[in-house]
Each structure stands twice: as structure tokens, then as C-alpha cells.
Amino acid sequence: MSDSERPPVDVDDDLPRWYVIQCKGGESFRAAEHLGNQDYDLFHPVLEVQKKRGGKLVWLNEPLFPHYIFIRLDRVASNWRPIRSTRGVLRIVTFGDKPLPVDDALIETLREKGVEDQNTTANVYFRAGETVEITEGPFKDLQAVFASHKGEERAIVLLNLLNRQQRLVLPVAQLRPQG
């Protein structure tokens with residue numbers, strides 16, 4: 001292995017660490033599969049999202065971080081060479097010429113939130129004027145009209161209350177299409 005392929009060794013850094021792999025466009029699942037077949041320890045957080053396909057709403061798994069997966073490697077004992085030529089892998093993310101380790105606390109936080117178990121869902125496909133049902137909170141089971149997204153996680157809906165249309169800001173995760 002040439003010096004450019006082997007990460008520099010730090011005396012205090014002899015424990016396995018998490019690193020980031022940048023994948024080729026749309027190939028993070030392929031890269032994760034092929035690296036997993038090579039027995040690398042990986043973390044590929046995904047979300048279950050609702051998208052429109054063929055005129056119907058369907059649930060799909062999508063990466064939480066598009067184009068990136070995490071890999072746990074020992075700077076000395078792990079075999080870094082096959083990673084670069086694995087299908088779907090573009091490169092290991094570096095700062096300068098050194099692979100940049102990711103804080104273990106970040107990975108643990110993502111795992112604690114259930115992202116790895118695919119328990120996290122998000123509905124990202126609503127159109128203005130579409131009737132939606134509120135699934136949680138004080139307005140649970142009521143119908144509203146989707147007005148617009150407010151960022152990635154919140155939505156503005158119009159709800160008929162007291163014979164007036166009220167604007168509410170709710171988490172997108174609390175909405176589902178009516179019908």
C-alpha cells in the first residue's frame with residue numbers, strides 16, 4: 001500500500017473510528033451492500049419517505065445523508081485498499097490528505113433516534129390544495145387543506161374551526177393524505 005493510500009498513524013489514535021464515504025450519485029445503497037459483503041462495519045441511516053410514483057403515493061427508503069455512508073475502520077489494522085474500488089464508492093472524505101473521523105457521539109445519537117431501524121418516516125409529497133388528515137395532537141383525525149411547506153419538517157395547513165378557515169403550522173410527520 002502506498003503512502004497516499006494508507007492514512008497517517010497518530011500515536012493516540014489506535015482505536016477504530018467512524019469515517020465518511022462519499023458515494024457515486026444515487027449509489028449509496030449499492031456501496032453499502034458491496035462494502036457489507038466485504039465485512040466492513042457500516043452505518044447507512046435511511047428514512048422512509050412518501051413520494052409520488054406512477055400517479056400513486058408510495059413509501060420508499062431514502063438515505064438520510066444522500067451520497068454518504070459511514071464506515072468504522074482502524075487506522076492501522078483495517079484494510080483500506082478495497083474501499084476505493086468498491087462499486088458505488090467515490091472516495092473517503094478527507095481533510096487535506098487525512099481521512100476525517102466522525103465523532104462517535106453523532107453516530108450514537110442517530111442510532112438512538114431510530115434512524116438505522118428505519119422507524120423514522122416523513123411525508124414529503126403534498127400539493128397546495130390537497131386534503132390531508134392530521135394524525136397527532138389536539139387536531140387529530142380532523143381534515144385540513146395543505147397550503148405550503150414551511151421548511152423541510154413543517155407545513156402550513158388550513159383548518160375549518162368555528163366556521164372560519166384557520167392557518168396552522170404543524171410538523172409534516174403529523175399529516176397524511178386523505179383518501
- Per the filter on the stretch 96-129, residues assigned to a loop (DSSP other than H, G, I, E, B), at pLDDT 85 or above and either among the charged types (D, E, K, R) or surrounded by 12 or more Cβ atoms within 10 Å (Cβ to Cβ) (or both) are Asp97, Leu100, Asp103
- Could you tell me which of the residues Lys51, Lys98, Lys24, Lys56 is charged (D, E, K, R) and closer than 22 Å to Glu153 by Cβ? Lys51
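The values are calculated or read from the model by the stated rules, or taken from the named source; none is laboratory data. Since this is a predicted model, take the numbers as computed values, not measurements. When we count neighbours, we look across all protein chains shown, and the Cβ atoms used for this are built from the backbone with ideal geometry, even at glycine.
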